[in-house]
Amino acid sequence: MWMVFALMSSLFAALTSILAKIGIDGVNSNLATAIRTVVVVAMAWGVVFLTNAQGGVSEISRRSWLYLILSGLATGASWLCYYRALQLGEVSKVVPIDKLSVVFTLLLAFVFLHEKFTLKSLFGCALISAGTLLIVL
């Protein structure tokens, strides 16, 4: 089931890029990010209340709070940079560079989470990097 959700995530991310590029025309990229964020926050909390998951807030540990807040800050920084890049560049070039996050994620997972780096993942990272260069140059 995780694969279905991952594929849906990929499709929605693609739609996000196209819709954002169209919507950001003539709009300050920081303002556009703030508008997007308000929509995401409303949607996320709507799902929390719809699924009756709000009771779990009090059970979250301090450590989890810290890392969720840091993750939120990283997301915000990513979105601000992404929207500015979309405003300045072509979506067909910005998105492949943004997807280098896959390579960075694998490297960070190896360093901080001690996940295994296999020959297959190294080869995949090399292909993603090469593909990004091919598309962008």
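No lab work stands behind these numbers, since they all come straight from the coordinates. The structure presented is a predicted model; accordingly, all values stated were derived computationally and were not measured. Quick reminder, even Gly has a Cβ in these numbers, built from the backbone with ideal geometry, and neighbours come from all protein chains shown.
Observations on the model:
- P(r) of region 57-100 over all Cα-Cα pairs, binned every 5 Å from zero, in whole percent: 5, 20, 19, 16, 11, 10, 9, 7, 2
- Each Cα pair under 8 Å and six or more residues apart adds its separation to the average, and for the chain the resulting relative contact order is 29 percent.
- Spin-label pair L107/A53, simplified geometry with 7 Å Cα→Cβ offset, distance in nm: 3.1
- Cα pair distances in region 1-77, grouped into 10 Å bins until the bin that holds the longest one, percent each: 14, 34, 39, 12, 1
- Of the residues A53, I35, F112, the one whose Cα sits farthest towards the positive end of the charge dipole of the chain is F112 (charges of +1 on Lys and Arg Cβ, -1 on Asp and Glu Cβ, taken about the Cα centre).
- Mean-position separation - Cα centroids, region 39-59 and region 69-130, in angstrom: 27
- Of the DSSP H helices in the chain, those whose Cα atoms cover at least 27 Å axially and whose Kyte score averages 1.6 or more: 2-23, 29-50
- Whether region 38-83 is rounded, prolate or oblate, judged on the alpha carbon gyration tensor where a/c under 1.5 counts as rounded: oblate
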